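The values are calculated or read from the model by the stated rules, or taken from the named source; none is laboratory data. All of these numbers come straight from a predicted model, not from anything done at the bench. Note that we place each Cβ from the backbone using ideal geometry, even for glycine, and neighbour counts take in every protein chain shown.
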Amino acid sequence: MNDNRLIIISYRLPFSFKTENRVTSVKASAGGLVTAVKSLDLPPSAPKPVWVGCADFSQRVWEKHKHLVNDDFEYVPVFLDKTTNKGFYNGFANSVLWPLFHYFPAYIDYHDDYLTAYKAANQAVCDKVVELLQPDDLVWVHDYHFLPLPMLIRQSQPSATIGFFLHIPFPSYELLRLLPGKCRSYLLNGLLGANLVGFHTTDYRVHFLQSVRLSLGFSHRLGTIVTPQTKVQTGTFPIGINYSLFHDASADEEVVQERLDLKRSYPDKIIFSVDRLDYTKGVMQRLDALEVLLKQHPDWIEKLVFILVVVPSRDQIQTYWERKQMIEQAVGRINGQFGTLTWLPIVYRYSDVTFSQLVALYTACDIALITPVRDGMNLVAKEFVASRQDQQGVLILSELTGAANELGEALLVNPLDEYEVADRLLYALTMPPDEQRQRMITMQARISGYDVRQWANDFIDALLTTQQADQTGQAV
Ligand code: G6P
């Protein structure tokens with residue numbers, strides 16, 4: 001990495017404001033994207049990076065309290081009006097692109113005014129970036145909220161160096177072609193404004209390259225697309241986690257205490273899962289698998305507990321609040337069916353958990369049951385593995401996650417097959433400690449070797465290479 005200034009763009013800024021009893025404080029956001037970007041290894045001589053994102057607070061709150069946000073980044077919030085933000089975030093981003101890119105076409109709710117809002121929001125963010133941009137800056141755009149942004153910036157600043165990273169899957173062309181042709185070309189052309197487009201897995205990258213060829217007619221050579229105006233390199237960068245943060249935390253005093261409390265409250269086998277509320281996470285199928293297990297193997301009744309944590313998310317969108325109701329009904333049904341007067345199979349929590357609670361749960365459980373029906377990467381699986389200093393615990397992981405490519409020693413399952421998941425649960429419940437250790441050691445070695453810092457640095461180094469190649473006129 002060199003001394004170029006970095007301009008980062010993501011929908012969310014890594015903080016929001018919270019006012020309680022008339023006192024305003026800053027609340028850090030802790031999502032994978034935010035943690036990843038914050039772990040950049042910048043040389044001390046590098047200028048302060050700038051982070052542009054959409055504000056979930058008013059301009060008045062920002063002016064009054066921005067002094068509270070004081071860290072290694074300079075933050076530039078973009079204030080969208082309510083209607084634009086709703087059509088952009090709830091509408092096009094999360095009711096069109098999210099279900100489409102996660103293979104849920106039936107959940108797509110397409111309206112032209114959503115696309116209009118998406119375009120307006122991208123333009124507003126572009127205007128802000130262009131206002132800030134200086135020669136030699138590196139622009140790094142994140143995620144599906146901003147597919148058109150690279151081209152918008154390029155049109156205004158032809159020599160800018162722009163990287164784009166997609167944090168969710170890129171679907172096969174068969175899915176993408178469900179979008180109206182004009183909209184599809186607009187989105188794909190948008191990405192072709194970048195010098196480098198990065199994906200978690202080679203499959204996603206191949207899907208993108210195929211879509212560009214079939215939709216726009218541009219083929220690629222060894223992953224580089226050359227159009228009359230631009231040269232776009234693509235790459236695979238599987239995102240990692242802050243490995244040592246999770247590994248070391250398992251010995252923190254607070255975590256140790258919370259783990260003891262959990263073990264005391266739940267002396268039997270603990271199965272654990274944590275996800276944002278989302279239909280992509282496969283929570284209903286997971287509950288079905290537990291039901292199958294308890295039906296087929298009633299000897300496990302009163303001998304296990306499933307701690308199911310669902311973190312509130314996007315609950316203004318119908319498919320999300322409906323999912324919450326479905327989950328709660330299923331939890332009630334299963335607890336009613338199998339529970340006794342002194343025991344319930346499922347402990348359900350719909351709330352955020354603190355970092356220490358999360359690590360306590362990762363390290364108290366016997367099985368982490370991570371079974372999304374589609375997930376770009378899934379960092380929960382990696383965090384669970386990193387937390388296990390004791391090298392115990394079994395990971396059951398959906399083969400439909402990006403993480404499955406790197407965690408082959410987990411028990412890989414098809415999340416839609418509740419009989420297979422129930423069977424793997426049974427296997428995990430009785431897996432000998434030696435086998436658990438062997439699997440865990442191998443997974444830990446792999447994910448500690450490519451952590452989030454390495455990921456971020458690799459992406460920026462690859463972006464710099466495209467910039468240098470462009471400056472010297474070489475082919476990349
Ligand atoms: C996914 C996306 C992120 C997003 C996060 C949380 O991981 O890739 O871009 O920030 O979900 O979703 P939210 O809608 O709350 O930002």
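So that you can scan it fast, the table gives a plain yes or no per residue for (1) within 13 Å of the ligand (Cβ to nearest atom); (2) buried (at least 19 other Cβ atoms within 10 Å of the Cβ):
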residue	(1), (2)
11	yes, yes
20	no, no
29	yes, no
41	no, no
54	yes, yes
62	no, no
71	no, no
98	yes, yes
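When region 67-100 is filtered for residues that are modelled with pLDDT of 95 or more and charged (D, E, K, R), the ones remaining, listed by number, are 74, 81, 82, 86. All conditions in (1) under 23 Å from residue 216 (Cα atoms); (2) within 16 Å of the ligand (Cβ to nearest atom) hold for residue 80, with the sole exception of (1).
State whether the residues of region 428-448 include one that is under 18 Å from residue 285 (Cβ atoms) and either surrounded by fewer than 24 Cβ atoms within 10 Å (Cβ to Cβ) or out of contact with any Ser or Thr (no Cβ under 8 Å at 6 or more places or on another chain) (or both). Yes, region 428-448 has at least one match. For region 132-147, enumerate the residues that are away from the ligand (no atom under 16 Å from the Cβ) and in a loop (DSSP other than H, G, I, E, B). Selection gives 133, 134, 135, 136, 137. Just to be sure before I move on: is residue 117 of a type in the set (A, V, I, L, M, F, W, C) and either at pLDDT below 95 or away from the ligand (no atom under 16 Å from the Cβ) (or both) in the structure I sent? So residue 117 does not fit the description; no.
Yes or no, residue by residue, for (1) buried (at least 18 other Cβ atoms within 10 Å of the Cβ); (2) free of Cβ contacts under 8 Å to residues at least 40 places away in the same chain; (3) charged (D, E, K, R):
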{"position": "312", "(1), (2), (3)": "no, no, no"}
{"position": "331", "(1), (2), (3)": "yes, no, no"}
{"position": "346", "(1), (2), (3)": "yes, no, no"}
{"position": "352", "(1), (2), (3)": "no, no, yes"}
{"position": "362", "(1), (2), (3)": "yes, no, no"}
{"position": "379", "(1), (2), (3)": "yes, no, no"}
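With part of a helix (DSSP H, G or I) and in contact with a strand residue (DSSP E or B) (Cβ under 9 Å, 6 or more places away or on another chain) as the only criterion, which of 96, 129 stands out? Spell out how you get there, then give the answer.
Working: 96 fails: in contact with a strand residue (DSSP E or B) (Cβ under 9 Å, 6 or more places away or on another chain).
Result: 129 is the single residue among 96, 129 that is part of a helix (DSSP H, G or I) and in contact with a strand residue (DSSP E or B) (Cβ under 9 Å, 6 or more places away or on another chain).
A search for C-beta distances below 6 Å between a residue of region 255-281 that is assigned to a strand (DSSP E or B) and within 16 Å of the ligand (Cβ to nearest atom) and any residue that is at pLDDT 95 or above and not hydrophobic (A, V, I, L, M, F, W, C), counting only pairs 6+ apart in sequence or on different chains, returns 275/281.
Of all the listed residues (35, 24), the sole one being modelled with pLDDT under 95, within 13 Å of the ligand (Cβ to nearest atom) and of a type in the set (Val, Ile, Thr) is 35.
Look through 262, 214 and report the one residue that is touching a helix residue (DSSP H, G or I) at 6+ places or on another chain (Cβ under 6 Å), at pLDDT 95 or above and within 30 Å of residue 328 (Cβ to Cβ). Working first, answer last.
Values: 214 fails: within 30 Å of residue 328 (Cβ to Cβ).
So the residue among 262, 214 that is touching a helix residue (DSSP H, G or I) at 6+ places or on another chain (Cβ under 6 Å), at pLDDT 95 or above and within 30 Å of residue 328 (Cβ to Cβ) is 262.
Residues in region 82-139 that are more than 23 Å from the chain's Cα centre (by Cα), of a type in the set (Asp, Glu) and farther than 30 Å from residue 465 by Cα: 112, 113.
Taking helices (runs of 4 or more DSSP H) as the structural unit, those lying wholly within region 171-232 and holding at least 2 residues that are closer than 24 Å to residue 458 by Cβ correspond to 181-191, 202-216.
Let's see how each residue does on (1) closer than 29 Å to residue 116 by Cα; (2) touching a helix residue (DSSP H, G or I) at 6+ places or on another chain (Cβ under 7 Å); (3) without any contact (Cβ under 8 Å) to a residue 40 or more places away in the chain; (4) assigned to a helix (DSSP H, G or I):
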position	(1), (2), (3), (4)
8	yes, yes, no, no
47	no, no, no, no
53	yes, no, no, no
57	yes, no, no, no
66	no, no, yes, yes
71	no, no, yes, no
88	yes, yes, no, yes
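For region 10-45, filtering for residues that are within 25 Å of residue 153 (Cα to Cα) and in a loop (DSSP other than H, G, I, E, B) leaves 7. Here residue 236 fits the description: touching a Ser or Thr at 6+ places or on another chain (Cβ under 6 Å) and either of a type in the set (Val, Ile, Thr) or modelled with pLDDT under 95 (or both).
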